[in-house]
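Student: Next up is a structure, given as structure tokens.
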Amino acid sequence: MSPLANLSRLDVTPAEARQIQKQIPPLVVRTDRLGKLRTVAGADIALGPTKGYAAVIVYSFPDLVELERVWTAGRLTFPYVPGLLAFRELPLLLAAFAKLRQRPNVILADAHGWAHPRRAGMACHLGLLLDTPTIGCAKSLLIGEYQMPGSTRGSVSALRDGKERIGTVLRTRANVRPVFVSCGHRVSLRTAVRLVLACCDGYRIPKPQRQADQWVKELKRGPGNL
């Protein structure tokens with residue numbers, strides 16, 4: 001089985017999942033392999049005790065007008081294990097992306113990518129499986145050390161694990177908590193930071209990602225509430 005085909009094996013044990021993640025870093029492209037950027041998708045997950053929901057919203061870029069939204073729900077089959085959340089969430093996300101009429105040019109995932117203990121966060125895994133440029137934009141730290149960036153919008157500092165830079169800590173709005181940006185696949189760290197800022201419309205979280213987060217929480221409360 002080829003390494004890329006092996007990444008699609010999601011119904012595995014935690015021990016098997018760790019072995020699969022070890023195959024991810026050599027496959028990740030951390031340089032820009034982007035075509036013309038016309039669309040950007042935000043993707044997010046909401047999980048209950050046994051059931052999860054995934055939402056994807058596609059926007060035009062750079063004006064951020066909504067073009068399409070899809071969602072899916074399903075039973076959770078993988079346990080909650082820090083560092084292996086991709087195996088719990090990816091089945092739902094992949095099912096949602098399969099419903100899209102158009103593939104987005106880039107994906108903003110509420111997840112870490114390269115900033116992961118095995119350099120194999122969900123943004124990397126998702127980008128590889130979809131062969132789509134993907135950026136990890138996480139709300140909280142998973143691994144690494146950093147100096148707090150300046151308080152103004154656009155201020156950055158390096159996120160490092162030892163001597164290796166694994167991401168960027170980015171202030172997307174003045175005087176609010178920063179976000180943690182890392183490479184997912186086919187987008188350089190510099191470009192990832194630029195695109196995250198370009199998708200921020202005055203709030204801390206980029207619009208596509210923020211709207212997907214809000215919608216998936218509504219879905220979790222019940223489709224009848226929409």
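The values are calculated or read from the model by the stated rules, or taken from the named source; none is laboratory data. What you see is a predicted model, and the numbers here were worked out from it, not measured in a lab. Ideal geometry is used to build each Cβ from the backbone, glycine not excepted, and the neighbour counts take in all protein chains shown. Just the protein is used for accessible areas: all its heavy atoms, side chains included, with ligands, DNA and RNA removed. Shrake-Rupley method; radii C 1.70, N 1.55, O 1.52, S 1.80 Å.
Student: Using just the helices of the chain, give the 222 nm mean residue ellipticity in deg cm²/dmol: DSSP H runs with n ≥ 4 each add -39,500 (n - 2.57), and the total is spread over all residues, rounded to 500.
Tutor: Values: 6 runs with 60 residues, N = 226.
Rounded to the nearest 500, it is -8000 deg cm²/dmol.
Student: Continuing with this model, one more query. Give me P(r) over region 26-81, computed from all C-alpha to C-alpha distances, binned every 5 Å, as integer percentages.
Tutor: Pairs per bin, as whole percents: 4, 15, 17, 14, 16, 15, 14, 5, 0.
Student: With a 1.4 Å probe and every protein chain kept in, tell me what percent of the accessible surface of region 102-157 is carbon plus sulfur. Mind showing how you got there, number by number?
Tutor: Working: 1010 of 2090 Å².
Solvent-exposed carbon and sulfur of region 102-157 make up 48 percent of the total.
Student: To continue, here is another question. Return the FRET efficiency for the residue pair Ala95, Arg190: r is the Cβ-Cβ distance, R0 is 35 Å, and the value is rounded to the nearest 0.05. Walk me through the numbers on the way to the answer.
Tutor: Working: r = 32 Å, r/R0 = 0.92.
Efficiency, rounded to the nearest 0.05: 0.60.
Student: Sorted from largest to smallest, which semi-axis lengths in Å does the alpha carbon gyration tensor of region 80-167 give for its equivalent ellipsoid, taking the root of 5 times each eigenvalue? List each step's numbers first, then the result.
Tutor: Numbers: eigenvalues 132, 52, 23 Å².
Working through the eigenvalues yields semi-axes of 26, 16, 11 Å.
Student: Give the Debye-formula value of log10 I(q)/I(0) at each listed q (0.15 Å⁻¹), with one equal scatterer per alpha carbon of region 165-226, two decimals each.
Tutor: After summing over all Cα pairs, the log10 values are -0.55.
Student: To continue, here is another question. Where is the GNM fluctuation largest for the chain (alpha-carbon springs, 10 angstrom cutoff): Gln209, Gln102, Gln21?
Tutor: Gln102
Student: Further question on the same structure: Does anything in region 1-44 have its amide N under 19 Å from the 7 Å Cα→Cβ label point of Thr77, and if so which residues?
Tutor: 5-21
Student: Taking the Cα centre as origin and putting +1 on Lys and Arg beta-carbons and -1 on Asp and Glu beta-carbons, what dipole magnitude results for the chain, to the nearest 20 debye? Don't jump to the answer; show the numbers that get you there.
Tutor: Numbers: 33 positive and 16 negative charges, 52 e Å.
Once rounded to the nearest 20, the dipole reads 260 debye.
Student: Can you give the translational diffusion coefficient of the chain in µm²/s, computed by Stokes-Einstein from the Kirkwood radius over Cα pairs at 25 °C and 0.890 mPa s?
Tutor: On the way: Rh = 17.4 Å.
It diffuses with D of about 141 µm²/s by this estimate.
Student: Could you name the aspartates and glutamates in cross-link range of Lys139, using Cα to Cα under 19 Å and dropping any fewer than eight places away on the same chain?
Tutor: Qualifying aspartates and glutamates at Cα under 19 Å: Asp44, Glu89, Asp110, Asp161, Asp201, Asp213.
Student: Show me 123-129, 72-78, 53-59, 187-193 ranked by packing, highest mean number of other Cβ atoms within 10 Å first. Write down the numbers at each step before the final one.
Tutor: Details: 123-129: 27.4, 72-78: 15.1, 53-59: 25.4, 187-193: 21.4.
Most protected by this proxy first, the peptides run 123-129, 53-59, 187-193, 72-78.
Student: Continuing with this model, one more query. Compute the relative contact order of region 106-186 as a whole-number percentage, counting only Cα pairs closer than 8 Å that sit 6 or more residues apart in sequence. Can you show the working numbers first?
Tutor: On the way: 216 pairs, mean separation 27.1, N = 81.
Taking the mean separation of contacting Cα pairs over the length of region 106-186, I get 33 percent.
Student: In addition: Keeping every protein chain present and rolling a 1.4 Å probe, give me the accessible area per residue for the chain in Å². Spell out each step's value before the answer.
Tutor: Working: 10330 Å² over 226 residues.
Averaged over the residues of the chain, the accessible area is 46 Å².
Student: Any idea what the dipole of region 35-151 comes to, in debye rounded to 20, about its Cα centre with Lys/Arg Cβ at +1 and Asp/Glu Cβ at -1? Write down the numbers at each step before the final one.
Tutor: On the way: 12 positive and 8 negative charges, 62 e Å.
Dipole size: approximately 300 debye.
Student: Against the empirical 2.2 N^0.38 Å scaling, what ratio does the C-alpha Rg of region 1-100 come to? List each step's numbers first, then the result.
Tutor: Values: Rg = 15.5 Å, N = 100, 2.2 N^0.38 = 12.7 Å.
With N residues counted in region 1-100, Rg over 2.2 N^0.38 Å equals 1.22.
Student: If you don't mind, there's one more thing I want to ask. Give me the compactness ratio for region 106-226, meaning the Cα radius of gyration over 2.2 N^0.38 Å.
Tutor: Details: Rg = 14.3 Å, N = 121, 2.2 N^0.38 = 13.6 Å.
Rounded to two decimals, the normalised Rg is 1.05.
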